[in-house]
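Let me begin by presenting the structure, written as structure tokens, before commenting on it.
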Amino acid sequence: MDSELTIALVGAGSALLGALIGGGAAVIGAGKAARSAYLGPLQVARRVEQAAAHNALLTAANDYDIAVSQILRMGLELNQHAIAQAEGRQGVLSDPDVTAYRAKIEQVGTADRVVAAVRHVALQGPKEVYEAAEGVRRMAHILEYSLAQLETIHHAAAPSDFETVPAVTPIVLSDAAEGLSQAIHAFAEVASEHLNGIE
């Protein structure tokens, strides 16, 4: 009788333990499923916001890059004209050309849209995408400053809101334009990797 009771108690205990383990696993599984059901839409919404921020920066940066590329030749000629005059040589442009070039370059405007778009990327993250976006902002600022200083041959250090850049020369201007294009490409690659990756 005692052995039967022991067997019955062990059996009941095993059944209870199995039920507790199975029930616990079911609760954990249900919790994970509920969390996934909750986080799934949040992750999707977050990715949508990140993609929108990345697209906004790419659009603003590409627009600025295209606008600069359309006046880059004028900028180079205006810079060479100013350098020639500063050295006491005859400038390469006529006065009407200088006026027209200045007006066209001024129409390009500032890189403010790029800067605003980078701030939006900073809000959305992640860190590696923001760092790539900062590279775009830095190059856009250097290019903006270079365009603003085309005719200033001997100038003071760049204002504090701009990156420190050397005196503007045709090489500096061309490098800045190329640097912006490369920074945009690098950002696009990092952003694409992030959006297409699995977290």
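Convex hull of alpha carbon positions in region 102-151: directionally averaged projected area 3.3 nm². Over 20 Å apart: what share of the alpha carbon pairs of region 31-141 falls there, rounded to a whole percent? Cα-Cα pairs of region 31-141 separated by over 20 Å account for 58 percent.
Of the GluC sites (Glu not before Pro) in region 74-155, the ones in a loop by DSSP (not H, G, I, E or B) with at most 15 other beta carbons within 10 Å are 87.
For region 40-108, the solvent-accessible area of protein heavy atoms averages 57 Å² per residue (probe radius 1.4 Å; ligands and nucleic acids excluded).
The values are calculated or read from the model by the stated rules, or taken from the named source; none is laboratory data. What you see is a predicted model, and the numbers here were worked out from it, not measured in a lab. Note that we place each Cβ from the backbone using ideal geometry, even for glycine, and neighbour counts take in every protein chain shown. Surface areas here come from the heavy atoms of the whole protein model, side chains and all, with no ligands, DNA or RNA. Shrake-Rupley method; radii C 1.70, N 1.55, O 1.52, S 1.80 Å.
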